[in-house]
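Notes to accompany the following structure.
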Amino acid sequence: MLNAAFQAVGCDLAGGGSMQIGVYGAGYLGTVISACLADFGTPVTCCHPDSSRMVEMAQGNVPFHEKNLNEVIKRNVRSGRLVYSTDIESFARKTQVIFLAEDTSQHLAELALRIARVVTKPPILAIITPVPVGTASGIERRLAEEGLKATIVSQPVFFTPGCAVEDFNWPDRIILGTKSNDAVLAIKQIFHPLVMRGVPVIVTNHETAELVRESATAFVATKISFINELAILCEKVNADAVNLSLALGLDKKIAPRCLQPGAGMGGIFAESDMDSLALLARQNGVSLKVLGAAREVNQSHAENIVDKISSFVSSVENKDVGILGLAFKPNTNSVAGSSSMRLAHSLVAKGARVHAYDPVALADARLELNGSVHYCDSAYAAAEGGEALVVGTGWPEFRALDFDRIKHLLKRPLIVDTKNLLDSSRLRSMGFEYVGVGRI
């Protein structure tokens, strides 16, 4: 029955003489990696034991919102380059390079051992899954202890939900942690379109490759926390944080990306990356004070926003507050680590009645907020009767709202823009009280 279902949606194995690539994982990473690799023109098999999930994926029904991903999947399923399987043994035997791309590393070692036991030729296993430092070397030891052979490559990827397809096709670098020249050549062949475009390939050891991901996340958190602290200072000294961040970002030693004031940093893997890096430091007797401070600032920024709202409305207790956006950034339904979600939690904890709207993230938000928030089907419904309207996520559509209508719906025309998304001059000229982050 399952094989018939797969064939009905174009899920038989692709043929031909091209290198067969496997991707194990049907979560966020596995879905993006398998689709984007197939878009390079190479046959790709995505494997996972959940048969219903595999059929849904083959039909282009992705269980999360990611810009352009559905189109990439459907295009490559139709062409026969992207196929789905639940048979891990057949999958392992027919693929030469397998990307291990589960979203969590809980069963990664067992998966590598299982694959190594059934193959006829030692495979190349590239670890895409975010892992703590020491994971790849640990898997190599487990393989050796059981007399099994496989080449392990640590290959961290750097995706931002909402931009994952773009991030895959335009990466800043490709990191390969391995001692094997053959593995490097094979993966360079797979990523040939990027290598030929001049994307740098950095070959290093496992531990360095694993540390790159966590360190990059921590550094971004530090930048964002730094500019957010300066935004608070701007409000005290009549300076403008947007112009400040622009001026700082134009310094070639700093660069503008992630140097924008807002409600804090979030993301599907951000907290786990920073947790893992902090744990590694503690285990080795190292104090990462800057990271600790950055995380503290990042976590506390939602409280600063609530305090700011309270200063305008006396207290948020028993007040209606609308929130526009719950996703951690535009073009994704992920609420993992979302500053807007932290803000909602803080408002509820202080007695506010929160009315929230997001174009795509409400289903995920419901799972985390547990009914403590009233969910709305439009931005206007979130604004109705509110003492304040908060922009929590920088969805571009919020710029195009009918603010004359919003003004009449609000009980008090107060807009708190945690993303500095809106035109403050225009809104103030319309009679709104506009409050940005570090804005004049």
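The values are calculated or read from the model by the stated rules, or taken from the named source; none is laboratory data. Computed from a predicted model, the values in this text were never measured in an experiment. Neighbour counts are summed over all protein chains in view; Cβ atoms, including those assigned to glycine, are modelled from backbone coordinates with ideal geometry. Protein only, heavy atoms only, side chains kept; ligands, DNA and RNA dropped before computing areas. Shrake-Rupley method; radii C 1.70, N 1.55, O 1.52, S 1.80 Å.
Observations, loosely collected:
- If the condition is being within 17 Å of LEU211 (Cβ to Cβ), open to solvent by 20 Å² or more (accessible area, probe 1.4 Å) and in a helix (DSSP H, G or I), then the stretch 101-137 contributes THR135, SER137.
- Of all residues making up the stretch 374-392, the number that are open to solvent by 30 Å² or more (accessible area, probe 1.4 Å) and either without any contact (Cβ under 8 Å) to a residue 12 or more places away in the chain or outside any loop (DSSP other than H, G, I, E, B) (or both): 4
- Within the stretch 393-403, the only residue that satisfies the criterion of being surrounded by fewer than 19 Cβ atoms within 10 Å (Cβ to Cβ) and either touching a residue at least 40 places away in the same chain (Cβ under 8 Å) or polar (S, T, N, Q) (or both) is PRO396.
- Matching residues in the stretch 420-432 - criterion: being open to solvent by 60 Å² or more (accessible area, probe 1.4 Å), outside any loop (DSSP other than H, G, I, E, B) and within 26 Å of ILE227 (Cα to Cα): SER425, ARG426, ARG428
- Scanning the stretch 404-419 for residues that are part of a helix (DSSP H, G or I), surrounded by fewer than 21 Cβ atoms within 10 Å (Cβ to Cβ) and touching a residue at least 24 places away in the same chain (Cβ under 8 Å) gives ASP404, ARG405, LYS407, LEU409.
- Residue selection: ILE152 satisfies the criterion of being buried (at least 22 other Cβ atoms within 10 Å of the Cβ) and part of a strand (DSSP E or B).
- Cβ-Cβ under 8 Å pairs, at least 6 apart or on other chains, the stretch 209-227 side farther than 18 Å from THR129 by Cα and charged (D, E, K, R), far side open to solvent by 10 Å² or more (accessible area, probe 1.4 Å) and modelled with pLDDT of 80 or more: none
- Among (1) open to solvent by less than 20 Å² (accessible area, probe 1.4 Å); (2) modelled with pLDDT of 95 or more, the one test that GLY438 misses: (2)
- Complete set of residues in the stretch 231-247 that are surrounded by fewer than 18 Cβ atoms within 10 Å (Cβ to Cβ) and of a type in the set (A, V, I, L, M, F, W, C): ILE232, LEU233, VAL237, ALA239, LEU246, ALA247
- Check on PHE168, under 16 Å from the mean Cα position of the chain (by Cα), surrounded by fewer than 19 Cβ atoms within 10 Å (Cβ to Cβ) and of a type in the set (Phe, Trp, Tyr): no
- When LYS179 is tested against the conditions (1) open to solvent by 60 Å² or more (accessible area, probe 1.4 Å); (2) in contact with a strand residue (DSSP E or B) (Cβ under 9 Å, 6 or more places away or on another chain); (3) farther than 19 Å from GLU102 by Cα; (4) part of a helix (DSSP H, G or I), the lone failure is (4).
- Among the residues of the stretch 358-372, those that are aliphatic (A, V, I, L, M) and open to solvent by 10 Å² or more (accessible area, probe 1.4 Å) comprise VAL360, LEU362, ALA363, LEU367.
- If you go through the stretch 182-215 and pick out every residue that is under 29 Å from LEU280 (Cβ atoms) and not in a helix (DSSP H, G or I), you end up with 8.
- Of everything listed in (1) at pLDDT below 90; (2) open to solvent by 30 Å² or more (accessible area, probe 1.4 Å); (3) in contact with a Gly (Cβ under 8 Å, 6 or more places away or on another chain), the single unmet condition for HIS355 is (1).
- Which listed residue, of SER340, SER334, is touching a residue at least 24 places away in the same chain (Cβ under 8 Å), part of a loop (DSSP other than H, G, I, E, B), open to solvent by less than 50 Å² (accessible area, probe 1.4 Å) and of a type in the set (Ser, Thr, Tyr): SER334
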